[in-house]
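Trainee: Below are the structure tokens for one structure; questions will follow.
Every number here is computed from the coordinates shown, using simple stated rules; none is lab data. The structure displayed is predicted, hence computed values, not measured ones. Note: ideal-geometry Cβ built from the backbone for every residue, glycine included; neighbour counts use all protein chains shown.
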Amino acid sequence: MDSLKLSILKRLYFSNPQSIAELSSSIGKSVPNITNAVNKLIQLNLVDQDGLAPSTGGRRAAQFVPNEAQLPLILSVAIDQFYTSVTVVDFKNQFKTEINTKGIDLKQESAYTKIVDLIKETIQEIDTYHIYGIGITIPGFVDSKTGKNDSYSIESPLYDLKSNIEKEFNLPTFVENDSTAIAIAEHTFGKAKSIMDVMVVNLNWGVGLGMILGNELYRGHSGFAGEFSHIPLSDSNKLCSCGKKGCLEVEASLLAAVESATDALKSGEVSSLQQIFQSQHYITGDQLLNAANHGDQLAMEAVNRIGYMLGKGISTLIHIINPQMVVISGRGAKAKNVLLPKIQSAVLEFSINRLSKNTILEFSDTKNIQLLSSTCICILNADKNIYKTQTID
């Protein structure tokens, strides 16, 4: 497949329907070239016409969408510190298999083997011939070009995850930092759509950040811009996972909230979580968030603490970047009703109102955002072999 047809398919995945004129503008190629390429894609049944664009006073333009039934599937892998989810996704972001999730602690030596086994379980449900490649998102210092994760030692199979997974499954594999990928997905499909300057905070076990500036992902000089969680804003003496003290993450992550709630439960404080804690001797992040959303005082207090610190961190972003929008995404976004007042209070306390009043604060409502972001990464990096059943001139 030549580069123009590939570009058209990618553009139609990330935004559809689109007219010939819209594709011409977004890709930067002439209308005749786009028209010729789209016609060939229609002949090959890879693109469908999908009605007409709204009238602007003249002849209504035809709109086009990808024909997901004839396009390859993507195996999407979302990895966080304690859980990994896998599913198969098509070109319209429809899940073709059930989401397969397993508790996998990345600190365990068996983590890589368990991730591979989970992918194998999922891939059994689909003819692998129809899968183009694998998109993986994972926390850490990921080099998007090589797929190597410098958060792990060279001896760890998670260090060169891209090469290792490619060898296991003989499929093109693309690896990206989870927060960076989530920013791409939120900017394309979520609350940040059409926003030129947006900070996407990934509130999970840690606190990640993806930055969209001028409608483009901002990576920084060496590719690691957005290490929000390690801004030294905490007064706590607790050591961060990075080896330093004072990092935002030690007080503004879901892990910090779970640890705070666990300490309170151990001391015997009354809570709807007490029975769960007595039974399983721990609580999960989702259990804590659900309890907070149902008004449990202990859970709300733990979540409120991280909300306040998160607001303090967001104030710093507002002062430095002056974004149009900040989106709270990730696992923690479900606690919007509890977090929002504390974040707003902290932003009011720590930021200059002249700046912060012009920044919109939103919470993501996009389901399975990290799996969606893994799909985005695979399609974004796909090469001409994405359509492998026949040659397209």
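Trainee: Examine segment 314-322 for a residue that is closer than 29 Å to ALA78 by Cβ and either in contact with a Phe, Trp or Tyr (Cβ under 6 Å, 6 or more places away or on another chain) or not in a helix (DSSP H, G or I) (or both), and state whether such a residue exists.
Mentor: no
Trainee: Further question on the same structure: Test each condition in (1) buried (at least 22 other Cβ atoms within 10 Å of the Cβ); (2) in contact with a strand residue (DSSP E or B) (Cβ under 7 Å, 6 or more places away or on another chain); (3) among the small types (Gly, Ala, Ser) for ALA261 and report the one that comes out false.
Mentor: Among (1) buried (at least 22 other Cβ atoms within 10 Å of the Cβ); (2) in contact with a strand residue (DSSP E or B) (Cβ under 7 Å, 6 or more places away or on another chain); (3) among the small types (Gly, Ala, Ser), the lone unmet condition for ALA261 is (2).
Trainee: If you take the residues in segment 227-275 that are without any contact (Cβ under 8 Å) to a residue 12 or more places away in the chain and part of a helix (DSSP H, G or I), which one is nearest to VAL200 (Cα to Cα)?
Mentor: Looking at residues that are without any contact (Cβ under 8 Å) to a residue 12 or more places away in the chain and part of a helix (DSSP H, G or I), I get GLU259.
Trainee: Let me ask something else. Do we have any residue at all in segment 337-351 that's part of a loop (DSSP other than H, G, I, E, B) and out of contact with any helix residue (DSSP H, G or I) (no Cβ under 6 Å at 6 or more places or on another chain)?
Mentor: Within segment 337-351 (the criterion being part of a loop (DSSP other than H, G, I, E, B) and out of contact with any helix residue (DSSP H, G or I) (no Cβ under 6 Å at 6 or more places or on another chain)), the answer is no, since none of the residues qualifies.
Trainee: Next question. Conditions: (1) farther than 19 Å from GLY332 by Cβ; (2) out of contact with any strand residue (DSSP E or B) (no Cβ under 8 Å at 6 or more places or on another chain); (3) not aliphatic (A, V, I, L, M). GLU301 meets all but one. Number of the miss?
Mentor: Checking GLU301 against (1) farther than 19 Å from GLY332 by Cβ; (2) out of contact with any strand residue (DSSP E or B) (no Cβ under 8 Å at 6 or more places or on another chain); (3) not aliphatic (A, V, I, L, M), the one that fails is (1).
Trainee: When you go through GLN324, GLN287, GLN370 one by one, which is the residue that is surrounded by 15 or more Cβ atoms within 10 Å (Cβ to Cβ), free of Cβ contacts under 8 Å to residues at least 60 places away in the same chain and either polar (S, T, N, Q) or touching a His at 6+ places or on another chain (Cβ under 8 Å) (or both)?
Mentor: Only one candidate passes the filter, namely GLN287.
Trainee: For a quick check of your reading of the model, give me the residue pairs whose first member lies in segment 302-314 and is within 16 Å of PRO232 (Cα to Cα), whose second is part of a helix (DSSP H, G or I) and β-branched (Val, Ile, Thr), with beta-carbon atoms closer than 8 Å and at least 6 apart or on different chains.
Mentor: Within 8 Å, the pairs are TYR308/ILE343; LEU310/ILE343; GLY311/ILE343; GLY311/VAL347; ILE314/ILE343; ILE314/VAL347.
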